[in-house]
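Enquirer: Before we start, here is the structure in question, set down as structure tokens.
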Amino acid sequence: MERKINMRLQKLIFAALFAALVFVMSGARATFGADGTAIHLGNSMCILAGLMLGGVYGGAAAGIGSMLYDFTNPLYIASAPITLVNKFMMGFVAGILNTKLKIKNALIRALTAAIAGQTTYILLYMAKTFADNILIGNDPKTAFVMLGAKAVTSVINGIIAVSVSVPLYLMPKKV
């Protein structure tokens, strides 16, 4: 029983560390336009958290770190709760798939999990962006056009996230 408690405490500590990494790396960004569209490294840490900590702890680290970052920027503060959910899902999907897929090759398993986690986030983010456009009064056709820049940036962020997180996850664990 004591070993089980120690493992939970260890995972909680690592989740807190990953939340901090997500927060910091979300700030490593190049922003385009007045709406806050950005290329950043936060998603790479969200995926890495999921790969390393599993679904629940990795998802929590991704969601909490991203939400806390949103609280620091007036452009994002209103969407902080939805960021918590969307980024949690990114880390959760990556973590669950990495632990549950029966793929022996660690590279293929991690790539599959990372791509699925990132794709989950992109789909959720696109749905949120579309809904935001409808809520401000844009017609659906205009809302779809507005998704264009966000979609391109999201795919670039996704490629960066997978390209960074998978090699870091596969690095030798013993130093």
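The values are calculated or read from the model by the stated rules, or taken from the named source; none is laboratory data. Here the structure is a predicted model, which is why all the values come from computation and not from measurement. Methodologically, a virtual Cβ is constructed for each residue, glycine included, from the backbone with ideal geometry; neighbour enumeration extends over all protein chains shown.
Enquirer: Just one of 134, 108 is within 24 Å of residue 82 (Cβ to Cβ), assigned to a helix (DSSP H, G or I) and out of contact with any Phe, Trp or Tyr (no Cβ under 9 Å at 6 or more places or on another chain); which is it? Explain how you work it out, then say what you get.
Expert: Working: 108 fails: within 24 Å of residue 82 (Cβ to Cβ).
Sole residue among the options that is within 24 Å of residue 82 (Cβ to Cβ), assigned to a helix (DSSP H, G or I) and out of contact with any Phe, Trp or Tyr (no Cβ under 9 Å at 6 or more places or on another chain): 134.
Enquirer: Follow-up. What number of residues within region 71-96 are surrounded by fewer than 22 Cβ atoms within 10 Å (Cβ to Cβ) and either part of a helix (DSSP H, G or I) or touching a Phe, Trp or Tyr at 6+ places or on another chain (Cβ under 7 Å) (or both)?
Expert: Quick first cut of region 71-96, residues surrounded by fewer than 22 Cβ atoms within 10 Å (Cβ to Cβ) only: 71-82, 84-85, 89, 96.
Those left that are additionally either part of a helix (DSSP H, G or I) or touching a Phe, Trp or Tyr at 6+ places or on another chain (Cβ under 7 Å) (or both): 71, 77-82, 84-85, 89, 96.
Residues meeting the conditions: 11.
Enquirer: Mind telling me which of the residues 164, 145, 155 ends up being touching a helix residue (DSSP H, G or I) at 6+ places or on another chain (Cβ under 6 Å), assigned to a helix (DSSP H, G or I) and either among the aliphatic types (A, V, I, L, M) or buried (at least 17 other Cβ atoms within 10 Å of the Cβ) (or both)? Quick ask: steps written out before the conclusion?
Expert: Numbers: 145 fails: touching a helix residue (DSSP H, G or I) at 6+ places or on another chain (Cβ under 6 Å); 155 fails: touching a helix residue (DSSP H, G or I) at 6+ places or on another chain (Cβ under 6 Å).
Just one listed residue meets the conditions, 164.
Enquirer: In the list 5, 47, 82, which residue meets the criterion of being under 20 Å from residue 170 (Cβ atoms) and not hydroxyl-bearing (Ser, Thr, Tyr)?
Expert: On the way: 5 fails: under 20 Å from residue 170 (Cβ atoms); 82 fails: under 20 Å from residue 170 (Cβ atoms).
The unique qualifying residue is 47.
Enquirer: Hey, could you check region 18-66 for residues that are without any contact (Cβ under 8 Å) to a residue 24 or more places away in the chain and part of a loop (DSSP other than H, G, I, E, B) and say which is farthest from residue 83 (Cα to Cα)?
Expert: Step one: of region 18-66, the residues without any contact (Cβ under 8 Å) to a residue 24 or more places away in the chain are 24-25, 28-31, 34.
With the extra rule that they be part of a loop (DSSP other than H, G, I, E, B), the set shrinks to 28, 34.
Values: 28: 17, 34: 19 Å.
Going through the qualifying residues, I end up with 34.
Enquirer: Take residue 149 and decide whether it is farther than 26 Å from residue 33 by Cβ and hydrophobic (A, V, I, L, M, F, W, C). Reasoning before the result, please.
Expert: Working: farther than 26 Å from residue 33 by Cβ: no; hydrophobic (A, V, I, L, M, F, W, C): yes.
Against the criterion (farther than 26 Å from residue 33 by Cβ and hydrophobic (A, V, I, L, M, F, W, C)), residue 149 does not qualify.
Enquirer: Further question: Working carefully through the options 44, 66, find the one that is in contact with a Lys or Arg (Cβ under 7 Å, 6 or more places away or on another chain) and surrounded by 24 or more Cβ atoms within 10 Å (Cβ to Cβ). Walk me through it before giving the result.
Expert: Working: 44 fails: in contact with a Lys or Arg (Cβ under 7 Å, 6 or more places away or on another chain).
Going through 44, 66 in turn, just one is in contact with a Lys or Arg (Cβ under 7 Å, 6 or more places away or on another chain) and surrounded by 24 or more Cβ atoms within 10 Å (Cβ to Cβ): 66.
Enquirer: A further question follows. Given the conditions (1) of a type in the set (A, V, I, L, M); (2) modelled with pLDDT of 95 or more; (3) surrounded by 14 or more Cβ atoms within 10 Å (Cβ to Cβ), and given that residue 123 satisfies all but one, which numbered condition is not satisfied?
Expert: Status for residue 123: all satisfied but (3).
Enquirer: Now, a different point. Identify, from the list 69, 121, 125, 76, the residue that is of a type in the set (Phe, Trp, Tyr) and in contact (Cβ under 8 Å) with a residue 60 or more places away in the chain.
Expert: On the way: 69 fails: in contact (Cβ under 8 Å) with a residue 60 or more places away in the chain; 125 fails: in contact (Cβ under 8 Å) with a residue 60 or more places away in the chain; 76 fails: in contact (Cβ under 8 Å) with a residue 60 or more places away in the chain.
Just one listed residue meets the conditions, 121.
Enquirer: Please state which one of 82, 159, 96, 136 is of a type in the set (A, V, I, L, M) and over 21 Å from residue 18 (Cα atoms).
Expert: Answer to the check: 136.
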